[in-house]
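Trainee: Sharing a structure below in structure tokens format, with a few things to ask.
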Amino acid sequence: MAAGDIIDTVPLFRDYIKRQLGHPVLCVELADEQITELIRDTVDIFQRYSYSEGTYKDYVVFSVSAGTSAYTMDSNISDVLDLQLSTGIDGINTLFTQTHNLLSNDWVGAGGYPGGPGTGQGMTLANYDIALMYLEEIKSKFGRKYRVNYRDATNQLMLTPTPNEDLTGVLELYTRHRSEDLYNHILVRRLAVALCKKLWGLHLKKYALTLPGGGNLNGDTIYNDGVTEEATVMEAIYKEAQPIDFFVA
């Protein structure tokens, strides 16, 4: 890999880290397996703390089933923000429901929905807005409210209380970017180098090495440099990351 090339694989990322640590001028006492593990840790950290860059907001159609409160989700999901379900109070075409009783005359009997037959004019914009307000009030007063809780460790979405009917809605969530898409982010590269420098320093702390031509390679110094660089990068991630949205289910 030449300097400046796009990093899109783990081996290319490992080569980049080794060069940043001094290879091939210096012997970097880290195994490829160790560097690979630290690359994975770096991506996990960045995805966890860097919203909008490590993750992105997405919307998916989501269905829940009566009697089921736990749903297994894709492992690439980072956080669930909100779940907007159908009202769960039946519909306008179901007799003896609040929706039907309040809106049936305008929407069904008179054909007053926008463009409906009615008097040939359809529902006015003002009446349409009022109808939407009615629907929101009905949902607020008579609808069943649910709370969503996403358990990242098990990739499970918990819905409480347990639904008593089948519903469909829209799930608002954060999805993790692919690891390969993050390798070229400057903070990801800097954090990976810092973590590898810490581990390299731990290896060398057992020895005090003298370099050819003079000078010492001190493990404590390398380790402390890695700790300092890690703290600096993490501070930058915290400051630059977009805060996760607050939600009310």
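Trainee: How large a share of the accessible area of region 17-57, in percent, is made up of carbon and sulfur atoms when the probe is 1.4 Å and the other protein chains stay in place? It would help to have the intermediate numbers written out before the result.
Mentor: On the way: 1080 of 2180 Å².
Result for region 17-57: 50 percent of the exposed heavy-atom area is carbon or sulfur.
Trainee: Once phi is turned into θ = phi - 60°, what whole-Hz ³J(HN,Hα) does the Karplus curve with 6.51, -1.76 and 1.60 give for every residue of region 196-204, x standing for Gly and Pro?
Mentor: 5, 5, 4, 5, 4, x, 4, 5, 7
Trainee: Of 57/145; 18/239; 206/239; 145/239; 57/197, which pairs sit farther than 31 Å apart, going by alpha carbon to alpha carbon?
Mentor: Numbers: 57/145 23 Å; 18/239 28 Å; 206/239 36 Å; 145/239 35 Å; 57/197 33 Å.
Going by Cα-Cα distance, 206/239; 145/239; 57/197 fall outside the 31 Å limit.
Trainee: Follow-up question, since we're still on this one. Check residue 51: other-chain or 5+ apart residues with amide H under 5 Å from its amide H, H built from backbone geometry?
Mentor: Amide H to amide H, under 5 Å and 5 or more residues apart or across chains, residue 51 pairs with 242.
Trainee: Let me ask you something else. Applying the Karplus parametrisation 6.51 cos²θ - 1.76 cosθ + 1.60 with θ = phi - 60° to the phi angles of region 46-56, what ³J(HN,Hα) value in whole Hz is obtained for each residue in order, glycine and proline being reported as x?
Mentor: These are the phi-based 3J(HN,Hα) values: 5, 5, 6, 10, 10, 5, 6, 10, x, 9, 9 Hz.
Trainee: Of the listed peptides 190-196, 155-161, what is their order by residue-averaged count of other C-beta atoms within 10 Å, with the highest listed first?
Mentor: The densest-packed peptide leads the list: 190-196, 155-161.
The values are calculated or read from the model by the stated rules, or taken from the named source; none is laboratory data. What you are looking at is a predicted structure, and each value in this text was computed from that prediction instead of being measured. In this analysis, Cβ positions are derived from the backbone assuming ideal geometry, glycine residues included, and neighbour counts consider all displayed protein chains. Ligands, DNA and RNA are excluded from the accessible area calculation, which covers all protein heavy atoms including side chains. Shrake-Rupley method; radii C 1.70, N 1.55, O 1.52, S 1.80 Å.
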